[in-house]
Structures are given as C-alpha cells and as structure tokens.
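Where a number appears in this text, it was derived from the coordinates with a stated rule and is not lab data. Just so it is clear, the structure is predicted and the values come from calculations on it, not from any experiment. Cβ placement follows ideal geometry from the backbone for every residue including glycine, while neighbour counts extend to all protein chains displayed.
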Amino acid sequence: MQIRNNILPVLRPLGDEHDINELRKTILSGWWGRGPKVEELEKKFAKKIGTKYAVAVTSNTAGIDLVLKAYDIKRGNVLSPTISFVTTAMVPLWNNCKSILCDVDLKTNNLDPLSVKQNVNKNTKAVIAVNYAGIPCDIDKIREHYDGLIIEDCALSYYTDGAGLKGDIAVWSFQAVKTISCGDGGLITTNSKKIYDRLKLLTNFGIPADTYQRSVDKKSKQKLQPGYVWDFNISSIGYKTYMNDIQATLLLSQMNKIDKSINTRLEIQRMYNKYLPKEISRPIWSNTCQFYSTKIENGSRNELMKYLSSKKVHSTIHFKPIHLHSLFKQNKKFKIADTEWKKYISLPCHAAMNEEDIDYVIYWCKEFYK
C-alpha cells in the first residue's frame, strides 16, 4: 500500500457548513457573550442527560474546580484514578486539598473500587470517578466503600447512555478532540437546586444574573429599562468561567450530529476489533469510543508506534500514570497501572475518518506483525 501524503491524526474535530452557518447567525446577532444560546444549550443538555440543571463553563477543568468550590471542599483528600489526564489530580491542589491517586481496574482502566477502599480515610472529602474512554465507572461499587461526594468526570463519555447519573454531580468536556466540540468548553449537570444556584454565582464573579438575564424580561423577551443592566449586588466571591454564545452555538450545532459522530467511532471500533492482528488486544467495548485505547502484550508497543509514524499514522498513549509526574509522586505501588500503562496504545479514531483511513491503519498494523 502506498504511504499517504498527509498524517492521519489519532484524534481531531469535525466541522461542517451547518456549524459555520449557525456561527454566522450568532456573530451577526451582536450577542457574543453569555446569552440566549448558552441558556438554550443548558436546557437541551440537561434534558439529554436526564438532570434538572446544567451550567455551561469554559472547560471540564474549570467545571471540576467550581464543583469543589460549590461543595466547599478544601483542606482534605480527594481521590482520583492515576490513569487519567492530569486535570483530575491538579484541580484538588488549587483548593488546598491533597490528591490521593488510586489504582485502576485491569479491564476498564476505571477507578478500582478496592483501591478506593484502601485509600479512603477520615480526611477524604471527595472522589473523582472518570469514565475512561466513555466506559462508565462502577460508582455503585465505589459507594460500598465511600458514602461522600462523588464527582463523575464525563469528559470522555458524551454520549454514553446513563453517563452522568450515578455520581452526585457530573462534569463534561467539549475540548477540541471530544465527540462534540466548541474548541474548549464544559458543562456541569446536577439535580441539586442549591448547588446549581451556587455554581451560577461562581461562574460570573458572584453576580446574581448575567448581562443577558439582567437586560431581557423573561416573559416578554423585551429589553428592560436602561439602568437595570448595571445595577446588581455581589455578596460572595466568584470567578469568570462562564461559556459564551459563540461556543454554545457551535455545541448546539454539533449536538445535532452526535449520532453520526458516534456511529462512525463505533464502526472504527468494530473494524479494529475484527481485523487488527492478534498481537493487539481488543479493549472492552465502549458505546462512545472517545478514543480507541488498547494494549500490546508482547512488549513491541514503542516499536509499533515508531513504525506507524513512518507510515504517517499518529498514535498516542492514554495515559501516562499521574503518579509518575514528580508533582504527584505517591509513596505506594500501583499494581495494575505500573504494569499495564507500558502496554497502552491509542490508534486513530474520530468522526473525520472514512473506510479508507480505517483500512490504512489496519493494513500497516498487520504489516508490522508479519
């Protein structure tokens, strides 16, 4: 097979003319900040997930930070899996907490409930449970060992049916290479009116309502009298972490195409599982397949990655264990993570791929193991 001219990325976003046209409407509307599109997004997203409330924010990272602040989590321990992006361990540090990393399940790479049991103590204030590759974490099992706050990190699971409903609160991501994206953004979903109200204040400097809400009458949708926009009272600390209408417009457009995006990813997963050489393990099935992360059991992972790179196929690793970073070094062993991460490899998997791209990856993987 002839080597392709351009690199096949392991992940990438997919936009189209509909996205562009929707963005054009918002740009020409003159309302670029937090406004009607954000409100529309929050309502539609909450309905999709099955929660009462949703709060749109600048990123999943900001969302987790706001959740810890909304629940007044500080000066305690926050448990999270060592196989994750660094966000889950970094954010607790911003809140004067200690990040306690836990081992993961051999099959799912999700937080291991037994490791949670071993690490929970009187100082534990929260657990962040990540849905690795979109595969739901076994939160029911975790609750057998910990009855406090569980934050469900759904950065990789839009949309897996039932995701975001097991934890006390959930945080989502729309970073550039997620199943739907707005460049970067996040949403927090909850059934608690108290936490929802607190989050709304936290996202906008503690101001009781944003500019759009203060300037438009809810019933008539008409502009209110001059002077109301600037007249408000701040009684608590807040931040600037709200999403704007440009981001929300792109997400609303992308939400309409989520089924097509997921179906493409599932077809990639099916084809890889069926045709990749036996030296490459088959991961547990994901109904989102945010990325196709598998294992090379015979020690040839690094060589395969170099070989694929020479054929202009990008691969990566999800993820280097967080405890291997000097900032998060832990004085304990991670039986599963320390061994298994050395086998991880993620192959190209995204909605912009076509059948030719899938065949190309499979072909060169087979050639390597001939």
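What the Kirkwood sum gives for region 258-368 is a hydrodynamic radius of 15.0 Å, with every pair of different alpha carbons counted. A straight chain from Glu279 to Ser236 at 0.36 nm per residue would run longer than the Cα-Cα distance by 9.8 nm.
In the chain, excluding the sites themselves, the longest stretch lacking any of the chymotrypsin sites (Phe, Trp or Tyr not before Pro) that are in a DSSP loop with at most 14 other Cβ atoms within 10 Å is 33-227. Along the axis of the charge dipole computed for the chain (Cβ charges of +1 for Lys and Arg, -1 for Asp and Glu, origin at the Cα centre), the listed residues Trp31, Pro136, Gln2 are led at the positive end by Pro136. Centre-to-centre separation between the Cα atoms of region 80-109 and those of region 39-78: 18 Å. Taking the helices alone, the chain has a mean residue ellipticity at 222 nm of -10500 deg cm²/dmol, built from -39,500 (n - 2.57) per DSSP H run of at least 4 residues and averaged over all its residues.
A full extension of the chain between Ala352 and Lys122 corresponds to an added length of 78.0 nm, given 0.36 nm per residue minus the alpha carbon distance.
Here is the list for region 239-290: trypsin sites (Lys or Arg not before Pro) lying in DSSP coil, each with at most 14 other C-beta atoms within 10 angstrom of its C-beta, are Lys278. Take every pair of alpha-carbon atoms less than 8 Å apart whose residues are at least six positions apart; their mean separation over the length of the chain yields a relative contact order of 23 percent. Across all directions, the shadow cast by the convex hull of the chain built on its C-alpha atoms averages 19.9 square nanometres.
Stretched out straight at 0.36 nm per residue, the stretch from Ser309 to Asp161 would grow longer than its current Cα-Cα span by 49.8 nm. Write down the percent of antiparallel bridges among all DSSP beta bridges whose residues are both part of the chain, to the nearest 5. Beta bridges within the chain, antiparallel portion: roughly 50 percent.
Here the spin labels are modelled as points 7 Å beyond Cα on the Cα-Cβ line, and at Arg75 and Lys44 they lie 4.5 nm apart.
DSSP assigns beta bridges within region 45-133; of those with both partners inside it, close to 10 percent run antiparallel. The simple spin-label model puts a point 7 Å past each Cα toward its Cβ; for Asp147 and Gln2 those points are separated by 6.7 nm. Across region 258-368, the relative contact order, built from alpha-carbon pairs under 8 Å that are at least six residues apart, equals 38 percent.
Qualifying trypsin sites (Lys or Arg not before Pro) in region 313-342, where qualification requires a DSSP coil assignment and no more than 14 other C-beta atoms within 10 Å, comprise Lys329, Lys332, Lys333.
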